[in-house]
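The values are calculated or read from the model by the stated rules, or taken from the named source; none is laboratory data. Note that the structure is a prediction, hence the values are computed from the model and not measured. Please note: Cβ atoms are built from the backbone with ideal geometry, for glycine as well, and neighbour counts cover all protein chains shown. Areas reflect the complete protein model, heavy atoms only, side chains present, ligands, DNA and RNA absent. Shrake-Rupley method; radii C 1.70, N 1.55, O 1.52, S 1.80 Å.
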Amino acid sequence: MQESAIRFQPVQKLRELVARRQPGYSLEAPFYNSQEVFDADIKYIFQRHWIYVAVSSEIPEPGDYVTVEIGKEPILILRDDDMQIKAFHNVCRHRGSRLCADEKGSVGNLVCPYHQWTYNLAGKLIFADHMPEGFDLSHHSLKPVHLKNLQGLLFVCLADEPPADIDVMLEQMGPYIAPHQIENTKVAAQIDIIEAGNWKLTMENNRECYHCTGNHPELTISLYAYSYGFAPKAELAAGLANYENIVKDSHARWEACGLPSAEIEKLSDVSGFRTMRMPLDRKGQSQTMDTGSACKKLLGDIKDADSGGLSFWTQPNSWHHFMADHIVTFTVLPLTPDTTLVRTKWLVHKDAVEGVDYDVANLTRVWNATNGQDRHLVEESQVGVNSTAYRPGPYSPYTEELVEKFTNWYIGRLGAGLEQG
Amino acid sequence: MSSVNTHPDTHPQAADLPWWQPGEDSTLQCVQVREETHDVKTFVFRAEPPRRFHYQPGQFITLELDINGESVNRCYTLSSSPTRPDRVSITVKRIPGGVVSGWLHDTLRPGMQLNVLGPSGEFTYVRHASTPYLFLSAGSGITPLMSMSRALTDLASGADIVFVHSARSPRDIIFRKELAQLASSHATFSQAIVCENRQGEPEWPGFTGRLDAARLLHMVPDLMARQVFCCGPAPYMASVRQMLQDCGFDMQHYHEESFNFAELATAAPDAAVDEISASSEGGGFNVHFAKMGDDLSVAPGQTVLAAALAKGMRLPASCTRGVCGTCKTKLLEGKVDMQHEGGIRQREVDQGFFLPCCSKPLSDLVVDR
């Protein structure tokens with residue numbers, strides 16, 4: 001009984017932590033720095049929910065692949081000969097070697113570098129040298145991973161039975177994203193940052209703009225201050241009303257152009273998400289230093305450069321900004337309790353020519369700066385929550401409601417996982 | 001209690017031995033060097049490890065020699081007959097200044113080992129069986145025709161063969177005694193020799209001067225009914241073609257072994273004319289490995305990978321049929337016929353890549369290995 005008692009202890013402790021979480025407050029320190037919670041996060045959050053990992057235009061042609069690791073699960077996402085996108089465990093059925101070690105590449109067939117076991121793009125083993133007569137290739141196909149393609153945003157799920165409500169997101173978000181035609185984009189730039197902080201600190205930081213005024217001079221050039229959320233004050237009422245009118249007028253204009261704009265908020269769903277097309281300030285075109293377009297070629301069906309920014313947030317690990325001329329997309333992947341990979345990709349029209357239609361430095365300037373600032377904020381938070389003096393603090397009901405929705409979702413899903421085992 | 005010497009080293013049990021395969025890498029051990037004339041030697045080889053030699057009379061092998069630290073490949077037709085499958089031989093005339101023939105004459109001794117790629121070539125009577133033959137040769141061009149003669153007589157095929165050989169002088173006649181022996185012991189084999197001069201043998205009773213149409217018709221009155229196989233220096237073969245055309249011969253029945261005088265450029269130009277130095281027509285293409293610096297010749301029907309492996313090069317490869325793509329290589333120059341099974345993408349081909357395992361050269365190649 002000694003052994004089971006040892007195993008039981010952390011789960012009990014986790015359940016206690018979950019049970020005593022105080023709504024409206026940040027999480028207790030172990031959620032940000034303990035190995036037990038991290039392991040539970042991987043098991044119950046990242047291996048049981050739909051995780052945003054890549055965009056379809058990274059793998060434009062048959063045989064193109066990208067790899068990603070969720071916890072210790074290496075995953076391969078590739079486009080097959082019928083232009084369909086598939087995901088597999090990136091693990092050879094021979095002796096387990098990772099099949100594709102590169103982050104991206106192209107293959108004819110999938111060949112294990114170790115002993116050249118060869119799989120076709122459907123994951124079927126088609127060649128294995130030196131195996132005895134009677135060896136049945138068909139019994140050693142690659143193990144598939146669930147994949148959903150939301151108009152070019154690729155989500156994978158490692159659960160045997162993935163959350164079915166992903167279909168709600170696909171159905172409701174499809175019309176919002178479709179006009180931007182991710183399939184007809186290319187990755188103009190990608191930057192991976194490893195933040196020295198727990199992944200939830202990264203996500204919580206993303207879910208509020210309370211910190212924006214004080215920290216993001218580049219980002220706030222294009223953002224209306226009123227979109228951040230404010231505590232009601234008499235002197236702000238007129239400005240806020242004005243902003244609300246701008247939103248109303250903009251939405252009417254964009255909707256007329258076939259760009260769905262209204263807010264959808266489903267952050268409490270198992271496959272939680274939220275979206276809204278928001279006006280941008282000044283020229284109103286793009287998240288750039290002068291708020292003008294960063295790329296001369298507009299995306300997909302969009303005719304008007306002044307189409308604001310469609311923001312899309314997903315639980316537990318992504319956010320995206322779709323503008324008329326480019327898309328910025330973010331993936332958050334936990335590495336250890338206090339390190340997190342933040343992967344940012346900038347997409348432009350696939351026919352846009354670098355140096356002619358767009359300049360990478362200009363395209364990436366705002367979010368490179370913002371990412372650097374956010375990284376600093378997250379890392380400082382990590383230092384602080386590691387202190388014995390740290391106690392959960394209260395969220396602003398006006399500017400941190402999305403943080404609360406994130407932590408509520410997280411606590412709910414973790415609790416559900418612990419119950420299910 | 002066997003009367004046959006079954007010592008494995010000298011006469012292995014044939015049934016236990018694998019066969020020599022075309023395009024396959026082998027190591028040959030020199031077991032005998034025979035002096036045929038003052039400047040012609042026959043080098044006899046056995047396979048190491050033991051194999052049975054399987055080839056068509058008239059085919060050539062490619063020697064891979066390391067001469068003064070330089071890798072040299074040179075093709076020689078086999079003078080031996082496949083009817084005696086335990087040994088092969090090549091018969092080589094020393095060319096003054098000739099690097100390869102000189103090395104063979106001066107250096108190759110019984111016990112030494114060579115790498116060879118073989119056998120290959122289309123110059124053989126095998127496709128034209130059951131017809132009367134006229135074998136025409138000059139100098140060391142006699143070797144493929146001697147191989148054919150030995151095979152046909154060994155098999156007691158009853159083939160009707162007239163063998164007309166041209167030599168500079170009586171002392172330059174290669175296989176002189178054996179030709180006479182074949183003629184005396186096979187009713188359907190006849191031979192005639194034409195010497196340019198009688199030097200060294202004033203009593204030479206045969207033809208002197210050069211072969212011409214009148215002399216040929218005199219020696220072979222039924223010339224028109226025969227399949228002609230011709231091998232010798234280019235000027236000799238050109239004159240034979242002219243003679244035959246002058247006679248109204250149907251050139252569809254004419255077959256010749258053409259030579260590549262690769263050594264000519266670096267050797268004495270005049271003397272090298274007689275060097276039988278390289279492959280036959282359709283004898284394959286050269287592949288240059290840009291990084292490794294190796295060169296190899298790919299036989300007709302052979303893949304680049306097979307040729308490389310046969311030469312002992314160890315290129316990354318696995319499936320050998322275009323599935324896995326392990327051998328994928330940039331093709332810097334040349335064209336190939338590639339029959340892959342999904343191991344490479346069209347856009348990779350468009351970028352200049354190919355799979356050596358399933359590609360046969362359509363020209364000389366330069367590859368990025």
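Numbers at a glance
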{"quantity": "Residues satisfying the stated conditions in region A:181-209, i.e. farther than 26 Å from residue A:30 by Cα and open to solvent by less than 10 Å² (accessible area, probe 1.4 Å)", "calculated": "A:182, A:185"}
{"quantity": "Of the criteria (1) surrounded by fewer than 16 Cβ atoms within 10 Å (Cβ to Cβ); (2) over 22 Å from residue A:14 (Cα atoms); (3) more than 24 Å from the chain's Cα centre (by Cα); (4) not small (Gly, Ala, Ser), which one residue A:360 fails", "calculated": "(3)"}
{"quantity": "Scope region B:306-323; condition within 14 Å of chain A (Cβ to nearest Cβ) and closer than 19 Å to residue B:73 by Cβ; matching residues", "calculated": "B:315"}
{"quantity": "Selection status of residue B:64, charged (D, E, K, R) and touching a residue at least 24 places away in the same chain (Cβ under 8 Å)", "calculated": "yes"}
{"quantity": "Residue among A:129, A:81 that alone is touching a Pro at 6+ places or on another chain (Cβ under 8 Å) and within 14 Å of chain B (Cβ to nearest Cβ)", "calculated": "A:81"}
{"quantity": "Count of region B:51-78 residues which are more than 16 Å from residue B:27 (Cβ to Cβ) and in contact with a Lys or Arg (Cβ under 8 Å, 6 or more places away or on another chain)", "calculated": "1"}
{"quantity": "Selection within region A:113-126 - farther than 10 Å from residue B:323 by Cβ, facing another protein chain (nearest Cβ under 9 Å) and open to solvent by less than 20 Å² (accessible area, probe 1.4 Å)", "calculated": "A:117, A:121"}
{"quantity": "Members of region B:271-315 that are open to solvent by 50 Å² or more (accessible area, probe 1.4 Å) and either at pLDDT 90 or above or assigned by TED's automatic domain parsing to the domain that holds residue B:39 (or both)", "calculated": "B:286, B:288"}
{"quantity": "Set B:56, B:32: member being in a loop (DSSP other than H, G, I, E, B), modelled with pLDDT of 75 or more and open to solvent by 10 Å² or more (accessible area, probe 1.4 Å)", "calculated": "B:56"}
{"quantity": "Exclusive hit being open to solvent by 20 Å² or more (accessible area, probe 1.4 Å), of a type in the set (Ser, Thr, Tyr) and more than 14 Å from chain B (Cβ to nearest Cβ), set A:138, A:106", "calculated": "A:138"}
{"quantity": "Strands (runs of 3 or more DSSP E) completely within region B:136-244 that count 2 or more residues being open to solvent by less than 50 Å² (accessible area, probe 1.4 Å) and more than 22 Å from residue B:123 (Cα to Cα)", "calculated": "B:189-195"}
{"quantity": "Some residue of region A:284-302 being open to solvent by 20 Å² or more (accessible area, probe 1.4 Å) and closer than 30 Å to residue A:197 by Cα", "calculated": "yes"}
{"quantity": "Check on residue A:397, over 24 Å from the mean Cα position of the chain (by Cα) and open to solvent by 60 Å² or more (accessible area, probe 1.4 Å)", "calculated": "yes"}
{"quantity": "Identity of the residue in region B:324-369, on the phi > 0 side of the Ramachandran plot and away from chain A (no Cβ under 13 Å), that ends up least open to solvent (accessible area, probe 1.4 Å)", "calculated": "B:352"}
{"quantity": "Residues located in region B:107-127, provided they are open to solvent by 50 Å² or more (accessible area, probe 1.4 Å) and touching a residue at least 60 places away in the same chain (Cβ under 8 Å)", "calculated": "B:109, B:110, B:112, B:113, B:115, B:122, B:126"}
